[in-house]
Every structure is written in C-alpha cells, then in structure tokens.
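Here is the structure we will look at, set down as structure tokens.
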Amino acid sequence: MNISKKDIDQINSVITISVSKEDYAEKVEKSLRDYRKKANMPGFRPGNVPIGLIKKMYGKAVKAEEINTLVSEGLVNFIEENDIQILGQPLPNEKSEFDFDTQDDFDFHFDIGIAPQFDVNLNDMPDVPYYEISVSAEMIDNQIKSYASRFGKYEQVDSVDEKDMVKGNLAELENGEVKAGGITVADAVLTPAYMKDEEQKNLFTGKSKGDKIVFNPQKAFENETEISSLLKIRKEEAKDLTSDFEIEITGITRYQEGEVNQELFDKVYGEGVINSEDEFREKIKENIKESLIADSDYKFNIDVREELIKQFSNLEFPETFLKRWLIDNNKDMTPEKVEEDYPKMIEDLVWHLTKDKIAKANEIKVELPDVEEYARKVAKAQFAQYGMVGLGDEILDNYVKDMMKKEETVRNFIDRAAEEKVLAVIRQKMNLDKKEISIEDFNKMFEQTQG
C-alpha cells in the first residue's frame, strides 16, 4: 500500500492511497474461511460449505470491507504520523469510482482541508479590559436578608397581617345568615396577600383569633382555580358562585425572618465559624466577590475572543471543502443554511485554533484532578443559586460524582477546564486593562449587546 499527499494550495490537499491485491488478499481469504466455518446452508453440514460457493456469495462484500478497513486505518495513521492539521474529516474525492467485481488494484483519493498556519503572540496583543465587579453594601444587605428569610420560622401571632396564613372555619351565607345545606369548610387556610381586591384584603387586617369576617371569594380572588381550592368545590361551581362567606379565625401563622445573630451565623456557615456581624458581612462579601469572578471571566472571555478573532480575521480557510463537509456530515444541512452559518462557523474555528495553539505552546494538559476541580466549581455555583454556601466536602464530592456519571457532562467539563487554563495563560501574558465596575453598569453592557 502506498500513500502520498499532493498539495493543491496551502489549505487544500489530496491524499492518495494505492492498494494492490497483495495488500488485502490474505485478509480476504482468512475472512472467507471464517465465514465458511460459521456458514449454515441447506444441503451442507455446518462448516463444510464449499469455499467456492462462499466466495460467490460473500466474496465481493468481504473484499470491499477489508479494503475499506485497510484504507481507513492507513489514512488515519498517515495524517497522525505526518502531523497534518486537518479541518473536519477527509472526504472521498467525488470522482472516485470502483468495481470490486473486476478490479484488483485501487486508487483512493481523499480531499482534505488544511488549517491555516499562524502564530499567536499574546505579548503583542492590545489591552483587553478585565472588569472587576465591586461588592456594594446593598449587595451584602440583600444577601443577609435572603439568609434571614431562608432560615426564619413560622410562629403563631395574635392579629392578622396581609402576608399571614389565616386558618378558620368557612360557611356560605344567604341573606346574612349561614345557608342551610350551603358550602362549609373546616380548617380552611387563606392568605390575604393573595387576594386581588384591596377592599376584601383589608377586611382581614388587624383581626384576631375568634373574630368572624364576612367576605366574597368571587371578588377576593383572581380566578375559579383559587376559589375551588379554598372551598373544595369543582371549578365549574366556583365560576358561578357569588355568595358571601363567613370565616371564624381559629389560628394566625406568620413567617418570621431569622434574626441576624449567632444562630443565623451558625446555620449559614457552620457552628463557630463566624462570631460577629462584622465577620458575617466580611464572609458574605468574600463569597459574593468569589461568585462574581465567574462573571468577570465570562465577560473577559467574550472580549478576548472578539479581539483574537479580529486579529486573525484575514486567515484563509478551505471554504469549498468546509461547506461540502458540513453538508455531507449533517443530513439537515442545506446549501442555503451553510451559506448563512458559514461566517459564524469561521469565527468559532478561529477561536478554536487559537486556543489550541496557546494550549500547545504552553504545554497545557487537562488531567482528572482539573476536571474534578471544575466540576466542584459548577456544583458550588449551583448550590449558591439557592443560598446554600459553606457545604461540606462530602456533599460536594457526592454531587460531583453524580454529575460525572454522564459521559457528555464529563466531555463538557474537560473542554471547559481546558479553556479555563488557556484563559489563565491569556490573563497572565496579555496586558489586562483592569477596571472596577458596579454590578449595575456591568449588567448594562450585556443589555446593550443584546439590544
């Protein structure tokens, strides 16, 4: 077997693989003998079918399979051994035609697209802004309020506020009196804050246990779903219900936010970790600042990507090959769609090649501990969304193990961990124009981009 490469230009080449009979004949014979051993045909004992009949029935298919395997392996090895930086995958030359019945020798031609050659010198790049988001007192106060709310408790109180849960016995009225055979609900629960009508809502404010209140559910609530849920009736009945109802209050429950004290400090960060409100605020500030780094990095990633793409916007790519490759490898891709998506694809390709060059030049490798560390960061961020911080290692480790059971998730973590390492090198070697910015102004930059 002979393999050669002919360069059409700097970004397009053709690999030719010449296969002669002696390259595959022995393997074909062996495969046919294996077929004969397994063949079970009427009139012949198992394993005793004449080899001539086996060749007649399976010879062409076996020959094609062995040749294709030989060619595929040779093509992959040739590209790897010669360090050819291809784009996409090799495509069979459209002019190649074969007759496996009559031919013994074959020439396979593969079109390949070559990645453009370029160097990345981060030291010569212009300054790229890196936005460090400042943590305001308001952000700390809001987080404290969130913790106080999450670690609060329900208490029985003496009088009703609109956010309280009011428990009582409901009875339908008729002409101001309890209706005989009317709707009654024992231990009904409602919250005045959910009433749409202010007048109905105000009927409950300030009332106490034992008080009786007359209100109209149809006026009080938004829709029949809420009414049917309260009165334990069907929606169809609730829709046409106009009666007043009386509720006798048997209990008033209020959710009290937790106080900012040692008990709250211990619930949030663990017993004895924080011992004063100043320490609490400082720890929260530290946590917020840490969580905002991901936002700063994300913005920097966008900006440095745009800058590098702009720097290498004149790179030449094998356009015809890439468009053909896109169509051949995606059944849903049309020529029109390729034309529409091609500019964006080239931008993504430039960024991908740039990252690869930086990674190679700096000997960046991603190993299992890197992937696990990235997974832990993802886990922490997900828990933090629900105000769960300071979790123990065992909880995080178990969550990470669960996430990494999915192969697709692991591949994504590997890519992201590699990108983080590349961006760390970029931040180290490029001139960063560090700018402190408020969270409001930071968010406005994304609003402007989306607009």
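The values are calculated or read from the model by the stated rules, or taken from the named source; none is laboratory data. Everything quoted here is computed from the prediction, not taken from an experiment. Heads up, the Cβs are rebuilt from the backbone with ideal geometry, glycines too, and the neighbour counts pull from every protein chain shown.
Here are some notes:
- Which numbered condition G88 fails, given (1) loosely packed, with under 13 Cβ neighbours inside 10 Å; (2) at positive phi: (1)
- In the range 291-300, the count of residues that are closer than 30 Å to Q143 by Cα and free of Cβ contacts under 8 Å to residues at least 12 places away in the same chain is one or more.
- Cβ-Cβ contacts under 7 Å between residues 6 or more apart (or on different chains), taken from a first residue in the range 115-137 that is under 15 Å from R427 (Cβ atoms) to a second residue that is among the hydrophobic types (A, V, I, L, M, F, W, C) and assigned to a loop (DSSP other than H, G, I, E, B), are listed as L122/M430; M125/M430; V128/M430.
- Subset of the range 31-64 [under 27 Å from S20 (Cα atoms), surrounded by 17 or more Cβ atoms within 10 Å (Cβ to Cβ) and among the hydrophobic types (A, V, I, L, M, F, W, C)]: L32, I54, V62
- Selection status of F100, surrounded by 13 or more Cβ atoms within 10 Å (Cβ to Cβ), modelled with pLDDT of 90 or more and hydrophobic (A, V, I, L, M, F, W, C): no
- Single unsatisfied condition, G181 versus (1) under 17 Å from I249 (Cα atoms); (2) free of Cβ contacts under 8 Å to residues at least 40 places away in the same chain; (3) more than 44 Å from the chain's Cα centre (by Cα): (1)
- Output for the range 348-376, where each listed residue is over 18 Å from V410 (Cα atoms), loosely packed, with under 15 Cβ neighbours inside 10 Å and within 25 Å of the chain's Cα centre (by Cα): D348, H352
- Selection of the range 17-61 for residues being in a loop (DSSP other than H, G, I, E, B) and either closer than 30 Å to I112 by Cβ or of a type in the set (K, R) (or both) yields S20, R45.
- Any hit, the range 344-364, residues being under 28 Å from K145 (Cβ atoms), free of Cβ contacts under 8 Å to residues at least 24 places away in the same chain and charged (D, E, K, R): no
- Total residues in the range 115-143, condition assigned to a helix (DSSP H, G or I) and surrounded by fewer than 17 Cβ atoms within 10 Å (Cβ to Cβ): 6
- Residue that is nearest to the chain's Cα centre (by Cα), among those in the range 80-110 that are of a type outside the set (D, E, K, R) and farther than 27 Å from V28 by Cα: G88
- V71 vs. criteria in contact with a His (Cβ under 7 Å, 6 or more places away or on another chain) and either under 30 Å from T354 (Cβ atoms) or surrounded by 13 or more Cβ atoms within 10 Å (Cβ to Cβ) (or both): no
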